[in-house]
């Protein structure tokens with residue numbers, strides 16, 4: 001049974017950018033019936049990315065702030081500091097994505113949702129399925 005889900009930052013950005021998109025629908029499904037798992041590192045990265053200049057063309061400041069508030073309020077927060085230094089076997093080929101794997105361990109996550117090929121090639125990682133938003137929706141949408 002799936003209960004705890006980790007979304008990588010780029011998938012959260014995709015959900016913020018386009019209402020009704022597969023990342024957005026996957027996130028809404030998660031928020032409605034599962035636990036979205038996050039950590040301060042991911043929340044800081046999400047905030048930094050959404051506040052970059054190019055996103056002003058796609059999202060108003062109000063929309064960005066509202067999305068960030070939704071994630072901060074609804075996501076379960078997990079501490080990854082103690083685990084972060086632990087060896088990851090196998091690690092992600094993009095070291096910047098390793099914290100997503102660490103978060104999945106810290107949260108005892110059942111699933112990782114991502115569109116990032118560097119994470120998808122690891123599917124499954126330590127028994128944790130790694131699915132695209134479309135795959136997640138196909139398996140779990142009612």
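The values are calculated or read from the model by the stated rules, or taken from the named source; none is laboratory data. Everything numeric here is computed off the predicted structure, so don't read it as measured data. For neighbour counting, all protein chains shown are included, and Cβ atoms are generated from backbone atoms with ideal geometry for every residue, glycine included.
Being within 17 Å of residue 133 (Cβ to Cβ) and under 18 Å from the mean Cα position of the chain (by Cα) is a description that does not apply to residue 50. Within the range 20-27, not a single residue is exposed (fewer than 13 other Cβ atoms within 10 Å of the Cβ), on the phi > 0 side of the Ramachandran plot and in contact with a strand residue (DSSP E or B) (Cβ under 7 Å, 6 or more places away or on another chain). Every listed requirement among (1) closer than 21 Å to residue 29 by Cβ; (2) surrounded by 12 or more Cβ atoms within 10 Å (Cβ to Cβ) is met by residue 47 save one, (1). Residue 76 meets each of the listed conditions (1) surrounded by fewer than 16 Cβ atoms within 10 Å (Cβ to Cβ); (2) under 24 Å from residue 31 (Cα atoms); (3) over 14 Å from the mean Cα position of the chain (by Cα) apart from (3).
Within the range 105-131, the set of residues being in contact (Cβ under 8 Å) with a residue 60 or more places away in the chain and either under 16 Å from residue 12 (Cβ atoms) or in contact with a helix residue (DSSP H, G or I) (Cβ under 8 Å, 6 or more places away or on another chain) (or both) comprises 106, 107, 109, 111, 112, 113, 114, 115, 116, 119.
Yes or no, residue by residue, for (1) touching a strand residue (DSSP E or B) at 6+ places or on another chain (Cβ under 9 Å); (2) in a helix (DSSP H, G or I); (3) modelled with pLDDT of 95 or more; (4) over 18 Å from residue 10 (Cα atoms):
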| residue | (1), (2), (3), (4) |
| --- | --- |
| 37 | yes, no, yes, no |
| 43 | yes, yes, yes, no |
| 47 | no, yes, yes, no |
| 55 | no, yes, no, no |
| 65 | no, yes, yes, no |
| 70 | no, yes, yes, no |
| 79 | no, no, no, yes |
| 82 | no, yes, no, yes |
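For the range 103-110, state whether one or more residues are surrounded by 18 or more Cβ atoms within 10 Å (Cβ to Cβ), modelled with pLDDT of 95 or more and more than 12 Å from residue 39 (Cα to Cα). There is at least one residue in the range 103-110 that is surrounded by 18 or more Cβ atoms within 10 Å (Cβ to Cβ), modelled with pLDDT of 95 or more and more than 12 Å from residue 39 (Cα to Cα). I'd like the residue in the range 5-19 that is touching a strand residue (DSSP E or B) at 6+ places or on another chain (Cβ under 8 Å) and part of a helix (DSSP H, G or I) and, out of all such residues, is farthest from residue 110 (Cα to Cα). Of everything passing the filter in the range 5-19, 15 is farthest from residue 110 (Cα to Cα).
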